[in-house]
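These notes concern the structure reproduced below.
The values are calculated or read from the model by the stated rules, or taken from the named source; none is laboratory data. Owing to the predicted nature of the structure, the values given are computational and were not obtained by experimental measurement. Virtual Cβ from ideal backbone geometry, glycine too; neighbours counted across all protein chains shown. Please note that ligands, DNA and RNA were not included when accessible areas were found on the heavy atoms of the full protein model with its side chains. Shrake-Rupley method; radii C 1.70, N 1.55, O 1.52, S 1.80 Å.
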Amino acid sequence: MIFVTVGTQRFPFDRLFKKLDELVEQNVIRDSIVAQVGYTQYTPKHFRSFPFISAEEMEKYIQESDLIITHSGTSSIIKCLKYGKKVVVVPRLAKYKEHVDDHQLEIAQLFAAKNFIEPVYHIEELGEKIEKAKVGQYASYNFDNSRLLQSISNYLDELNKDLK
């Protein structure tokens, strides 16, 4: 199963879902697809979709999926990588009014440079990138937050010293 999520941004992402529908119709994608489409105005014809789901449902779909397609939201990407999933990332682009700027393109480039994800910079490449991701080998994302926790601990220690 392929799970698609585009987060909760108040922008449509019709471009992605039209392309997915086209790929299913052309038999390029044969996997079942379940999609969280957010504020997308286009209604997919060839797979199950819903605007929003609970955090628990999101976790369930991520865990059950073989591949995930997501927008380039940092938390969406990291949540998928946390489960060791192969992730295809399609950045929302300002020129299509999918976001206010192109920061999602920059995020995708950063994750791709570290070989964590398969980026899609041109929607025409989506089918090819899905197939590439299925057989591709990607780096594991390290979830070690010990430096952050130590930094917070040090900060709190300093605050306590100042209060005494």
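Summarise the accessible area of the range 41-143 (1.4 Å probe, protein heavy atoms) by the percent that is carbon and sulfur.
Carbon-and-sulfur percentage of accessible area, whole number: 52.
Compute the separation of the alpha-carbon centres of the range 84-132 and the range 1-45 and state it in Å as a whole number.
Between the Cα centre of the range 84-132 and that of the range 1-45, the gap is 14 Å.
Give the calculated FRET efficiency between GLU125 and SER153 to the nearest 0.05, with a Förster radius of 45 Å applied to their Cβ-Cβ distance.
With R0 = 45 Å, the Cβ-Cβ based efficiency is 0.50.
Counting other Cβ atoms within 10 Å, keep those with at most 14, restrict to DSSP loop, and tell me which trypsin sites (Lys or Arg not before Pro) in the range 69-116 are left.
Hits after loop and neighbour filter: LYS97, LYS114.
Test of understanding: what is the full-extension gain from PHE143 to GLN26, defined as 0.36 nm times their sequence separation minus their Cα-Cα distance?
Extra length from PHE143 to GLN26 when fully extended: 38.3 nm.
Hey, got a sec? Which chymotrypsin sites (Phe, Trp or Tyr not before Pro) in the range 81-129 land in a DSSP loop and have at most 15 other Cβ atoms within 10 Å?
TYR83, TYR121
Give the aspartates and glutamates whose C-alpha is closer than 20 Å to that of LYS60, dropping any in the same chain fewer than 8 places away, or say none.
The qualifying aspartates and glutamates are ASP31.
With the other protein chains left in place, how much accessible area per residue, in square angstrom, belongs to the chain at a 1.4 angstrom probe?
The answer is 58 Å² per residue.
Within straight cross-link reach of LYS18, meaning Cα distance under 19 Å, which lysines are found once same-chain residues fewer than 8 apart are removed?
Output for LYS18: LYS45, LYS95, LYS97, LYS129.
Please find, in a Gaussian network model of the chain (springs between Cα atoms separated by less than 10 Å), the residue of LEU126, LEU149, LEU20 whose mean-square fluctuation is greatest.
LEU149
TYR39: accessible area at probe 1.4 Å, nearest 10 Å²?
80 Å²
Could you pull out every one of the lysines with an alpha carbon less than 20 Å from that of LYS132, ignoring same-chain neighbours closer than 8 positions?
LYS19, LYS85, LYS86, LYS114
When the C-alpha atoms of the chain are aligned to their principal axes, what extent does each axis show, in angstrom, from largest down?
69, 33, 30
Output the DSSP H helices from the chain with an along-axis C-alpha extent of no less than 18 Å and a mean Kyte-Doolittle hydropathy no less than -1.0.
Once both thresholds are applied, what remains is 146-163.
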